[in-house]
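I have placed the structure first, in the form of structure tokens, so that the comments after it can refer back to it.
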Amino acid sequence: MAVIRSLIYFLLQVTITPLYALLAIFTFPFHPLTRYRIISGWAHVMLWLLRMVCGIRMEVRGAENIPREPCIVLCKHQSAWETIALQIVFPPQVWVLKRELLWLPFFGWGLAMTSPIAINRSNRKAAMMQLLKQGQERLNMGFCIVIFPEGTRIPYGQRGKYKIGGALLGEHCGAPVVPVAHNAGKLWGRNSFLKHPGMITMSIGAPITPDGLKADEINRRAEDWIESELEKLG
């Protein structure tokens, strides 16, 4: 049954995404925040389809911890699910991502309209300079910044190395850093076609205020909270 449901979801996704990508391109004249609000409608549709077709539901804990001001979100990366769900849970946001994603037909074109911070991972020094400069610009525009500190999807139950870029941005800009844990990989695995029905829990931690903290300490606190919370989520 999971195979049939996953196939139906996939077919709907590849049908709807190009249409939304074309819509996204036509939002170019609008303010970046307006563009985001239009384009993120895609995430609402995808999350609804996941619930109706695949039986994947969502529970959010700690939503009261989301700051009123733009923040930096450090999120566990297990699945494609969180790339959809974060757009529903958090205010307007931009993502730090590898620039090659913008070259993907349709999906990448729409993604480019959301004002991402698209970095070249092969040049770490230039990428960090870009992150600090454009990160400050995006925060000033009213966007939150989403970063997956492990850099890539990590299989459920495993732990990757937490890179310091997001914490450095927090130290540099003084913006609150919000850790996010979830157990999406249990139902929708890393690079998996199959999506199993059930409840995914996203847990949002208290903001880490960077005042007086160095990036290493910010990163350590975020990692400790995320990994300990994952143990509670099971």
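The values are calculated or read from the model by the stated rules, or taken from the named source; none is laboratory data. Values in this document were obtained by computation on a predicted structure and should not be read as measured data. Here the Cβ is made from the backbone with ideal geometry for all residues, glycine too, and neighbour counts use every protein chain on show.
Odds and ends about this structure:
- Of all the residues in region 69-127, those that are under 11 Å from the mean Cα position of the chain (by Cα) and surrounded by fewer than 16 Cβ atoms within 10 Å (Cβ to Cβ) number 1.
- With respect to the conditions (1) part of a helix (DSSP H, G or I); (2) within 14 Å of the chain's Cα centre (by Cα); (3) of a type outside the set (S, T, N, Q), LEU50 falls short on a single one, namely (2).
- Subset tally (residues that are among the basic types (Lys, Arg) and closer than 26 Å to GLY185 by Cβ) for region 80-132: 3
- Residue count for region 172-194, restricted to those that are touching a Leu at 6+ places or on another chain (Cβ under 7 Å) and without any contact (Cβ under 8 Å) to a residue 60 or more places away in the chain: 1
- Region 128-161, residues that are buried (at least 19 other Cβ atoms within 10 Å of the Cβ), over 30 Å from THR15 (Cα atoms) and of a type in the set (A, V, I, L, M, F, W, C): LEU131, LEU139
- Cβ-Cβ distances below 6 Å connect the following pairs, each with a first residue in region 195-214 that is in contact (Cβ under 8 Å) with a residue 60 or more places away in the chain, a second residue that is among the acidic types (Asp, Glu), and a separation of six or more residues or different chains: MET199/GLU59; THR201/GLU59; SER203/GLU229.
- GLY212 vs. criteria over 18 Å from the mean Cα position of the chain (by Cα), of a type in the set (Gly, Ala, Ser) and modelled with pLDDT under 95: yes
- Considering (1) part of a helix (DSSP H, G or I); (2) in contact with a Leu (Cβ under 9 Å, 6 or more places away or on another chain); (3) over 22 Å from CYS144 (Cβ atoms), the lone condition that VAL14 does not fulfil carries the number (2).
- Unmet criterion (only one of (1) more than 19 Å from HIS77 (Cα to Cα); (2) not in a loop (DSSP other than H, G, I, E, B)) for MET199: (1)
- Total residues in region 163-184, condition surrounded by fewer than 21 Cβ atoms within 10 Å (Cβ to Cβ) and either among the basic types (Lys, Arg) or within 15 Å of the chain's Cα centre (by Cα) (or both): 1
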